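This report refers to the structure that appears directly beneath it.
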Amino acid sequence: MTDTLSSAQPSADLPTATVHDAEQLESLSPITGDVVGRYPVADAEAVADAVARAREAADWWAALDFGRRKAVLDQWRGVLARRMAQLADVVHRETGKPHADAQLEIGLAVDHLAWAAGHAKKVLGPHRVSAGLLMANQAATVEYLPRGVIGVIGPWNYPVFTPMGSIAYALAAGNAVVFKPSELTPGVGQWLADSLAEVVPGGRPLLQCVHGRGEVGDALCRSGVDKLAFTGSTATGKKVMATCADTLTPVLIEAGGKDAMLVADDADVSAAADAAAWGAFSNAGQTCVGIERVYVHESIADEFVRELTSRTAGLSAAGDVGSAYGPMTLPGQVDVVRRHVTDAVERGGRAVVGGVEAVGEAYVQPTVLVDVPEDSSAVTEETFGPTVVVNRVASMDEAVSRANGTGYGLGGSVFSKAQGMTLARAMRSGMVAVNGVISFAGIPALPFGGVGSSGFGRIHGADGLREFASPKAIARQRVRPLMNLTSFGRTPAMDKNFAAVIAALHGRATQFRKR
Ligand code: NDP
């Protein structure tokens with residue numbers, strides 16, 4: 001027996017995955033505990049069916065030119081922008097984040113969609129490259145072809161912005177997508193799929209959702225998709241990569257972080273404190289590129305802590321409209337936050353705002369910890385909560401070395417009037433905001449992703465488009481070569497000439513200077 005996945009706004013015509021049993025996934029409001037929606041769980045067969053349907057859609061989509069694909073994606077962009085409040089409501093209900101924050105992530109995702117659709121032709125379309133002197137008789141062309149079907153596995157913390165970093169760029173590159181949203185935010189994923197279906201000619205399933213828990217993600221990894229884009233924790237990323245290895249499915253891993261902010265002695269302290277507060281506490285600290293550590297020069301450390309404390313004083317977590325941020329979306333994360341804060345305090349750190357008592361059942365109030373030992377779990381592990389460690393350093397070299405001291409390397413922030421770019425380059429991370437925080441994520445042309453335990457591969461920007469495409473290299477002979485070196489008709493004279501040409505071209509490159 002088969003039936004069709006329901007959604008917050010069910011429609012029989014929409015491209016949803018077929019399911020083969022009646023097991024239901026319930027999404028709950030973290031504020032009230034109410035059921036927000038129910039979604040049939042897809043089994044492995046349903047995932048395979050979705051991928052098979054996506055493959056047909058992908059063939060149709062890939063055959064369109066860039067302009068026609070852009071026209072469809074532009075229509076979708078219009079729908080998203082016009083119905084932003086409606087989608088923000090689904091985000092609010094499933095994650096508990098304030099409506100305005102939901103709107104912010106949707107607005108940025110829409111801007112990314114515009115960039116991806118608008119730049120796909122320029123970045124991916126055919127272009128000539130130099131054939132070089134040795135192959136001067138050839139015309140060399142490179143173009144980036146769609147991969148086919150992209151599997152996307154997403155987290156719950158930014159359920160629109162984060163998966164759209166893969167979905168928008170994969171679609172713009174000419175692929176179809178099968179998306180497994182987090183079990184906490186299935187309604188958001190379904191809303192995205194349904195809204196795209198409204199503007200795709202013939203209702204072709206360019207974007208489908210498969211709902212469920214980790215097993216469904218696992219099934220997607222095994223389904224034969226042409227690439228798997230994963231965003232989530234490092235631990236799950238490792239499992240995803242191991243599963244995909246079985247079928248040699250390429251993976252993109254956007255994993256966790258422990259991002260640091262460096263504040264130099266020439267920084268605008270007030271601006272740095274303002275940015276640290278937003279970077280640490282917004283979205284209840286459930287931001288992969290949120291600020292979890294601050295290394296501040298000792299000469300301005302007291303002033304910085306005073307400024308940060310005063311900015312934090314007015315912030316509180318609650319479920320009402322006026323609150324700075326909402327509840328912890330994933331209930332189990334509260335235990336991690338409590339463990340980190342407890343460890344920091346027990347080992348000599350001080351909570352100048354909040355503390356262990358600030359960690360409640362569903363809400364965690366802002367917590368600023370100072371002078372925390374560098375080997376405390378609050379410094380070494382991803383906390384993913386509204387807490388921040390502020391440690392003072394004697395020099396910015398020390399700040400850089402401490403910032404680079406974890407296995408993670410996602411984003412970072414630097415505040416300095418004169419040394420911003422130097423410090424940014426010294427940070428071991430994929431992205432850095434200078435005199436700002438998280439700003440790189442809102443610039444569509446900038447690639448987004450990390451190094452080390454934060455993963456590899458990039459979404460956003462030209463790199464993000466290429467991530468979902470296969471480079472195709474074509475060498476076309478324009479004229480016959482003067483010497484045909486790849487023929488058994490090659491003569492000793494040609495070999496001699498070839499050696500002479502190579503010596504002339506490259507022979508002096510490694511000459512040592514005469515003393
Ligand atoms: P998880 O790693 O728990 O889950 C991520 C996704 O993977 C979910 O959809 C989950 O399903 C799914 N999943 C779980 N097990 C498997 C499996 N064995 N095979 C395939 N898929 C599986 O992360 P969270 O959802 O808790 O997200 C928070 C994490 O995401 C943080 O570490 C954060 O730093 C990171 N993150 C990274 C970003 C980046 O761009 N680098 C951006 C945003 C978040 P389900 O939850 O439904 O069980």
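The values are calculated or read from the model by the stated rules, or taken from the named source; none is laboratory data. Note that the structure is a prediction, hence the values are computed from the model and not measured. Neighbour counts are summed over all protein chains in view; Cβ atoms, including those assigned to glycine, are modelled from backbone coordinates with ideal geometry. Just so you know, the surface numbers come from the protein's heavy atoms only, side chains and all, with ligands and any DNA or RNA stripped out. Shrake-Rupley method; radii C 1.70, N 1.55, O 1.52, S 1.80 Å.
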- Item | Hits in the stretch 61-81 (condition: within 20 Å of Glu143 (Cβ to Cβ) and touching a Pro at 6+ places or on another chain (Cβ under 9 Å)) | Trp61, Ala62
- Query: Taking the stretch 467-485 only, how many residues are among the charged types (D, E, K, R) and closer than 13 Å to Ala229 by Cβ?
  - Reply: 1
- Give the residue, chosen from Ala235, Ala271, Ala280, that is part of a helix (DSSP H, G or I), modelled with pLDDT of 95 or more and open to solvent by less than 10 Å² (accessible area, probe 1.4 Å). Ala280
- Note on the structure: Filtering the stretch 379-395 for residues that are open to solvent by 10 Å² or more (accessible area, probe 1.4 Å) and within 14 Å of the ligand (Cβ to nearest atom) leaves a count of 3
- Give the residues of the stretch 291-320 that are touching a strand residue (DSSP E or B) at 6+ places or on another chain (Cβ under 9 Å) and not in a helix (DSSP H, G or I), sorted by residue number. Ile291, Glu292, Arg293, Val294, Tyr295, Val296, His297, Leu315, Ser316, Ala317, Ala318
- Are there any pairs with C-beta distances below 8 angstrom linking a residue in the stretch 379-395 that is under 16 Å from Thr406 (Cβ atoms) to a residue that is within 11 Å of the ligand (Cβ to nearest atom) and aliphatic (A, V, I, L, M), with the two at least 6 apart or on different chains, and if so which? Glu381/Val336; Thr383/Val336; Phe384/Val336
- Taking the stretch 295-314 and the residues there that are surrounded by 19 or more Cβ atoms within 10 Å (Cβ to Cβ) and touching a residue at least 40 places away in the same chain (Cβ under 8 Å), the one that is nearest to the chain's Cα centre (by Cα) would be Tyr295
- Item | Condition broken by Asp226, with the remaining ones in (1) in contact (Cβ under 8 Å) with a residue 60 or more places away in the chain; (2) of a type outside the set (Val, Ile, Thr); (3) within 27 Å of Leu465 (Cα to Cα); (4) open to solvent by less than 10 Å² (accessible area, probe 1.4 Å) satisfied | (4)
- So which pairs qualify, if the first residue must be in the stretch 433-459 and among the charged types (D, E, K, R), the second must be part of a helix (DSSP H, G or I) and within 15 Å of the ligand (Cβ to nearest atom), the Cβ gap must be under 9 Å, and the two must be at least 6 apart or on different chains? Arg458/Gly464; Arg458/Glu467
- Identify, from the list Asp335, Asp375, the residue that is out of contact with any helix residue (DSSP H, G or I) (no Cβ under 9 Å at 6 or more places or on another chain), at pLDDT 95 or above and outside any loop (DSSP other than H, G, I, E, B). Asp335
- Note on the structure: Those residues of the stretch 238-255 which are part of a loop (DSSP other than H, G, I, E, B) and surrounded by 24 or more Cβ atoms within 10 Å (Cβ to Cβ) amount to Ala255
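Test Ile291 against the stated conditions and say whether it is within 15 Å of the ligand (Cβ to nearest atom) and either open to solvent by less than 20 Å² (accessible area, probe 1.4 Å) or at pLDDT 95 or above (or both). Give the steps one after another, and end with the answer.
On the way: within 15 Å of the ligand (Cβ to nearest atom): yes; either open to solvent by less than 20 Å² (accessible area, probe 1.4 Å) or at pLDDT 95 or above (or both): yes.
So Ile291 passes the test.
Within the stretch 435-448, is even one residue more than 16 Å from the ligand (Cβ to nearest atom), open to solvent by 80 Å² or more (accessible area, probe 1.4 Å) and out of contact with any Pro (no Cβ under 8 Å at 6 or more places or on another chain)?
Yes, the stretch 435-448 contains at least one residue that is more than 16 Å from the ligand (Cβ to nearest atom), open to solvent by 80 Å² or more (accessible area, probe 1.4 Å) and out of contact with any Pro (no Cβ under 8 Å at 6 or more places or on another chain).
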- Message: Being modelled with pLDDT under 95 and either touching a strand residue (DSSP E or B) at 6+ places or on another chain (Cβ under 6 Å) or among the polar types (S, T, N, Q) (or both): is that true of Ser323 here?
- Response: yes
- Just a yes or no: is a residue in the stretch 244-262 charged (D, E, K, R) and away from the ligand (no atom under 14 Å from the Cβ)? no
- Query: What tally of residues in the stretch 92-133 results from selecting those that are assigned to a loop (DSSP other than H, G, I, E, B) and either within 18 Å of Ala172 (Cα to Cα) or in contact (Cβ under 8 Å) with a residue 24 or more places away in the chain (or both)?
  - Reply: 7
- Task: From Glu398, Glu357, Glu382, grab the single residue that is among the charged types (D, E, K, R) and either modelled with pLDDT under 95 or within 27 Å of Ala235 (Cα to Cα) (or both).
- Result: Glu382
